[in-house]
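As structure tokens, the structure follows; a few thoughts come after it.
The numbers here are math on the coordinates, done by the rules we state, and not lab data. Keep in mind that this is a model prediction, so the values were computed, not measured.
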């Protein structure tokens, strides 16, 4: 990307690339994690922290096993002027293959989420994620 592109625009494109490449469809390009994340990447989800790019790659692979055909619809992406923080809102969907520890039954699953990333040296370095998992769990458990 040319150096004359605003830092905020670069950060938005980085987040969009991650969401599009890693979380969409049959391809689910886990190799993109090496390109887009720092070696010491961290993701914080509720009370759990995944540390390191390799551990994150495994976490994504495990998640994609329990939510098959995972897709992310990007609703909104925006960054601060410095480009060191970027936020995304998205809608994740797929099929239940044991998500939330529930029996795999192939039913559709859909939930919204928000991710806030810290960007460092042109890569995603840290993420705080909130998902509407409780609502999705209740929909599956009570159906």
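Structural remarks
- DSSP beta bridge pairing in the chain, given as percent antiparallel to the nearest 5: 85
- Tilt relative to the chain, helix 53-66 - C-alpha long axis, 0 to 90 degrees, to 10: 30
- In angstrom, the C-alpha Rg and Dmax of the stretch 55-97 are 13.5, 40.
- Over the stretch 7-141, the hull volume per residue, using the convex hull of the C-alpha atoms, is 92 Å³.
- Candidates 24, 96, 80: whichever shows maximal mean-square fluctuation once the chain is modelled as a Gaussian network with Cα springs under 10 Å: 80
- Helix 7-22 vs. the chain, principal-axis angle (Cα, 0 to 90°, nearest 10): 30
- When the chain is treated as a Gaussian network with alpha carbon springs shorter than 10 Å, the biggest mean-square fluctuation among 47, 16, 38 belongs to 47.
- Gain on full extension, evaluated as 0.36 nm per residue between residue 24 and residue 89 minus their Cα-Cα distance, stands at 21.9 nm.
- Longest to shortest principal axis, alpha-carbon extents of the stretch 101-143, angstrom: 45, 16, 15
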